[in-house]
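A.B. asks: My structure is below; once you've seen it, I'll send some questions.
Every number here is computed from the coordinates shown, using simple stated rules; none is lab data. All of these numbers come straight from a predicted model, not from anything done at the bench. Backbone-built Cβ (ideal geometry, glycine too); neighbour counts: all protein chains shown.
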Amino acid sequence: MNEPKDELIQLIRAHDEWRLKQCINLIPSENISSEAVRQVFLSDLGHRYSLRREECFDFPIQAENFYRGTRYIDQIVEMCRELACKVFNAKFAFPEPLSGHHAAIIVLASLCRPGDLILAIDERKGGYPGYMPQSLPQYFNLRMAPIPFNHEEGCIEYEELEELIASEKPRLVILGASTILFPYDIRRIKRSCDEVGALIVYDASHVLGLIAGGAFQPDPLGEGVDVLFGSTHKTFFGPQGGIIVTNNDLLAEILSKNLKLKMVDNPHFNRIAALAIALCEHLKYGREYAKQVIMNAKALGRALDEEGVPMMYKRKDFTSSHQLLVFIDEVERLTGRKYHALTKMLEQAYIIVDNGGRLGTQEITRLGMKVHHMKELASLIRRVIIDQEDPVKVRKDVLAFRAKFQEVKYC
Ligand SMILES: Cc1ncc(COP(=O)(O)O)c(C=O)c1O
């Protein structure tokens, strides 16, 4: 009989072989990191602790560090902070959050008081479900109102938002979303916020790597965002984790006070070290990568449209980010099948997407796909969802296509 450990190793190997080598992954919240990032993630740093006195505002500790043996850890964390400040044009960087959601928890807990009003994009219009009333607002006893958003156009209704900010005087306006195809007019929102003393924060979980590469909303802090935060593993090709950056001294101090021994104890130094390596890779290759991701997304949008797959936002050249949005109602009408049934068929063909209609080009770009490859990819998708060809037959062509892209680039 197999030991559970053997069975687990087999499952893990099977997963890695399938998802890393055989599948075409179009889930917009995922990515693959470089060999260097993966190696560092496995280092001894993942076994260790460090607790520095200057980080513990409300918990005085006697010595410089409660733990011995931290001489390298402390330098690595410092370098990670400095690299993040450089990449995001920021004065302060906090690499401690364990995920994008955790970064959001730290931001809300630090900047809001019970009863405060926050504005965020409704999940039915692509917003992050974590900001819906029954999620983080309920937990922190905050009121939430939706940012007026025109889903058909993919943009904020600015005049309505200005009126809402003026009349309701929110504490926070949260920009950013899970479906995010176009940038925001931050300067315009900032003007309204300044009039009522509201803060703007930007959950850039999805577009962090595109911001880092200067290809999408290149300088949110410079445009007026008070705090920028998000996941480090979606378009940003680091390890799974989160980060918070700001230029505001006072907010930085408040965030700092909320981190150590309140929202985080051990922030996983292997992850922070791996993030620092990914930041170095972004400094060197991030511009080229981010530009290619967006060019590929636009090209895939056009190619899918030409293949007869209904896509949203044709009038706006489909997207300005890594994401595309399938026009689900139209696909269902055309095929007579539910979209989730079609995504199951795509999975059988080894093309991996979510059930929300989002497609992302960040991972295929990392694997070296370029604009001229998008036509072939679009035709593979069309064969499964529009022609409803046997997915197992299409899989053969997916595997042959994918075999040409086995190496992680931009590192
Ligand atoms: C806008 C946004 N914020 C936060 C998160 C949560 O990120 P994480 O999975 O890193 O916790 C997501 C998840 O995809 C997201 O789309």
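A.B. asks: Given the alpha-carbon gyration tensor of segment 286-402, what are the semi-axes of its equivalent ellipsoid in whole angstrom, ordered largest first, with each equal to the square root of 5 times an eigenvalue?
C.D. replies: 22, 17, 11
A.B. asks: Give me the one-decimal Kirkwood hydrodynamic radius in Å for segment 228-283, with the sum taken over alpha-carbon pairs.
C.D. replies: 12.3 Å
A.B. asks: Whole-Hz Karplus ³J(HN,Hα) for segment 128-140, in order, using 6.51 cos²θ - 1.76 cosθ + 1.60 and θ = phi - 60°, x for Gly and Pro?
C.D. replies: 7, x, x, 9, 6, x, 7, 9, 4, x, 5, 4, 9
A.B. asks: Under a point-charge model restricted to the Cβ atoms of Lys and Arg (+1) and Asp and Glu (-1), what is the dipole moment magnitude of the chain relative to its Cα centre, in debye to the nearest 20?
C.D. replies: 860 debye
A.B. asks: While we're looking at this one, here's another question. Indicate, rounded to the nearest 5 percent, the antiparallel portion of the DSSP beta bridges found entirely in segment 92-204.
C.D. replies: Bridges in segment 92-204 are about 15 percent antiparallel.
A.B. asks: What list do you get for D387, D44, D122 if you sort them by fewest beta carbons within 10 Å?
C.D. replies: If I rank by nearby Cβ atoms, fewest first, I get D44, D387, D122.
A.B. asks: Please list, short to long, the whole-number percent of alpha-carbon pairs of segment 194-248 in consecutive 5 angstrom bins beginning at zero.
C.D. replies: With 5 Å bins starting at 0, P(r) equals 5, 21, 29, 24, 13, 6, 3, 1.
A.B. asks: Another one. Would you mind telling me the antiparallel percentage of the DSSP bridges in the chain, rounded to 5?
C.D. replies: 50 percent
A.B. asks: Using alpha carbons only, how many angstrom separate the centre of segment 370-399 from the centre of segment 285-312?
C.D. replies: 16 Å
A.B. asks: Apply the Karplus parameterisation 6.51 cos²θ - 1.76 cosθ + 1.60, with θ equal to phi minus 60°, to every residue of segment 50-55 and state each ³J(HN,Hα) to the nearest whole Hz, in sequence, with x for glycine and proline.
C.D. replies: With coefficients 6.51, -1.76 and 1.60, one gets 8, 9, 8, 4, 5, 8 Hz.
A.B. asks: Can you list residues whose amide H is under 5 Å from I156's amide H, if they're 5+ apart or on another chain and H is modeled 1.01 Å from N?
C.D. replies: Distant-sequence amide H within range of I156: N150.
A.B. asks: Please build a GNM for the chain, connecting alpha carbons under 10 Å apart, and tell me which residue among E152, E330, E35 fluctuates the most.
C.D. replies: E152
A.B. asks: Would you work out which of G368, Y49, G224 lies farthest towards the positive end of the dipole of the chain, given +1 charges on the beta-carbon of Lys and Arg and -1 on that of Asp and Glu, about the Cα centre?
C.D. replies: My answer, from the dipole projection, is G368.
A.B. asks: How would you order 82-94, 224-236, 6-18 from highest to lowest mean count of nearby Cβ atoms within 10 Å?
C.D. replies: In decreasing order of mean packing, 82-94, 224-236, 6-18 become 224-236, 82-94, 6-18.
A.B. asks: For R48, list long-range residues whose amide hydrogen, built 1.01 Å from N in the peptide plane, is under 5 Å from its own amide hydrogen.
C.D. replies: Under 5 Å from the amide H of R48: F269.
A.B. asks: Helix-only estimate, please: 222 nm mean residue ellipticity of the chain, summing -39500 (n - 2.57) across DSSP H runs of length 4 or more and dividing by its residues, to the nearest 500.
C.D. replies: That comes out to -13500 deg cm²/dmol.
A.B. asks: Residue by residue through segment 112-122, what is 3J(HN,Hα) from phi via Karplus (6.51 cos²θ - 1.76 cosθ + 1.60, θ = phi - 60°)? Round to whole Hz and write x for glycine and proline.
C.D. replies: 3J(HN,Hα) across segment 112-122, in whole Hz: 10, 10, x, x, 4, 9, 10, 10, 8, 6, 4.
A.B. asks: If amide H atoms are built 1.01 Å from N in the plane of the peptide, which residues on other chains or at least 5 residues away come under 5 Å of the amide H of L199?
C.D. replies: Hits under the 5 Å cutoff: L172, V173.
A.B. asks: Antiparallel versus total DSSP beta bridges in segment 135-271: what percent is that, nearest 5?
C.D. replies: Percent antiparallel among DSSP bridges in segment 135-271 is about 45.
A.B. asks: Same structure, new question: Lys/Arg Cβ at +1, Asp/Glu Cβ at -1, dipole of the chain taken about the Cα centre: which of Y289, V394, S29 is farthest positive-ward?
C.D. replies: So the residue furthest toward the plus end is V394.
A.B. asks: Using 0.36 nm per residue, how much length does the chain from E407 to E152 gain when fully extended, once their Cα-Cα distance is taken away?
C.D. replies: That pair, E407 and E152, stretches by 88.1 nm at full extension.
A.B. asks: Please give the direction-averaged projected area of the C-alpha convex hull for segment 305-368, in square nanometres with one decimal.
C.D. replies: About 4.9 nm², averaged over all directions.
A.B. asks: Considering only I186, A84, N141, whose Cα is most displaced toward the positive end of the charge dipole of the chain, charges sitting on Cβ of Lys, Arg (+1) and Asp, Glu (-1)?
C.D. replies: A84
A.B. asks: Of the listed pairs K338/K396; K190/K338; K262/K291; K125/K344, which have alpha-carbon separations greater than 30 Å here?
C.D. replies: Distance filter (> 30 Å) returns K190/K338; K262/K291.
A.B. asks: When only alpha-carbon atoms count, how far does segment 1-54 stretch along each of its three principal axes, as whole angstroms with the largest first?
C.D. replies: Dimensions of segment 1-54 along the principal axes of its Cα atoms: 48, 38, 18 Å.
A.B. asks: Report D for the chain in µm² per second (integer): Stokes-Einstein, Kirkwood Rh on Cα pairs, 25 °C, 0.890 mPa s.
C.D. replies: D = 110 µm²/s.
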